[in-house]
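The values are calculated or read from the model by the stated rules, or taken from the named source; none is laboratory data. In this text, all values refer to a predicted model and were calculated from it rather than measured experimentally. With ideal geometry, Cβ positions are generated from the backbone for all residues, glycine too; neighbour counts draw on all protein chains shown. Quick note on the areas: whole protein, heavy atoms, side chains included, nothing else; ligands and nucleic acids left out. Shrake-Rupley method; radii C 1.70, N 1.55, O 1.52, S 1.80 Å.
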Amino acid sequence: MKWCTYERDGETAIGIVDGMNVYDVSNQLHTNSLLEVIAREFEPDIDLDVAPVYPIDAVTLLAPYRPLKNVICIGKNYEEHVKEMDTAGAGKLVIFTKAPTSVVGPEAVVERHPELTDQLDYEGELAVIIGKSGRDIEHVADHIFGYTILNDITARDVQKQHVQFFRGKSFDTFCPIGPYIVTPDELSFPLTIETKVNGQNRQSGTTDEMIRPIEELIRTLSTGMTLEAGDIIATGTPAGVGHGMKPPVYLQTGDTVEVSITGLGTLRNVIV
Ligand code: MG
């Protein structure tokens, strides 16, 4: 299933996307918070036959939800991306986080923040949505609710100003997520990740190129630390970021960034 959160006539609702339609399942679930549904940790009981249905073009898709905790991000998880970036930390598992306040939805604007950065960059990534809380997780598949697209927007100069990446990764609007969350039964790995800027191909990679695959990431992250339902884990970006171009090319006002992943649709955002 493809789960989304959308707005229609000023009301926020949970939807199931099927082709060009979206089914409103908020009433059946007694909430308009997709995070709340995921946090229940049981299979939602819904009947699309009795759900109100709208053309997807008639609603505005929002971020599926804003997590309660920081988005957990994996860095340097694709070999070719490691090579195009500075080598510091290469070989080690890089883990950092992004503030929940940076989360925005598909089609939302990404702020250029010209007073803070001259080096705005994109990173198209596959994100894992944790569906069942756990510590020392062994059977990883049991703990995954689904997958979505995440653009790990980064101010490269601010990222380097500090020992930790947090600030350069966390300005408002720096974490577009969506357009929907797809359950694992609808996907067949490996998935292809592609990023375009103004229609020009920039990134192309597949999930089997990850240095540390999803199973290993979740086992490592959950060792001694509880992962909770609704936690979001961004799994790293393939090569082709603007910072790695020679000379580097950073995002400018008016640029459109589109990240597409097999089966997950396209996450499109414009820089303002
Ligand atoms: Mg990243």
- Message: For the condition more than 15 Å from the ligand (Cβ to nearest atom), closer than 30 Å to Thr226 by Cβ and out of contact with any strand residue (DSSP E or B) (no Cβ under 9 Å at 6 or more places or on another chain), what is the one hit in Leu68, Leu62?
- Response: Leu68
- Note: among Thr195, Thr237, just one is in contact with a His (Cβ under 7 Å, 6 or more places away or on another chain), within 13 Å of the ligand (Cβ to nearest atom) and at pLDDT 95 or above, namely Thr237
- Task: Please work out which residue is farthest from the ligand (Cβ to nearest atom), limiting yourself to the range 102-131 and to residues that are touching a His at 6+ places or on another chain (Cβ under 8 Å) and part of a strand (DSSP E or B).
- Result: Ile130
- Message: Pull out all pairs, ordered by first then second residue, where Cβ-Cβ is under 6 Å, the residues are six or more apart or on different chains, the first lies in the range 153-182 and is free of Cβ contacts under 8 Å to residues at least 40 places away in the same chain and open to solvent by 10 Å² or more (accessible area, probe 1.4 Å), and the second is away from the ligand (no atom under 13 Å from the Cβ) and of a type outside the set (D, E, K, R).
- Response: Arg167/Val158
- Note on the structure: The correct count of residues that are open to solvent by less than 50 Å² (accessible area, probe 1.4 Å), out of contact with any Asp or Glu (no Cβ under 8 Å at 6 or more places or on another chain) and either of a type in the set (A, V, I, L, M, F, W, C) or more than 21 Å from Leu34 (Cβ to Cβ) (or both) in the range 219-239 is 4
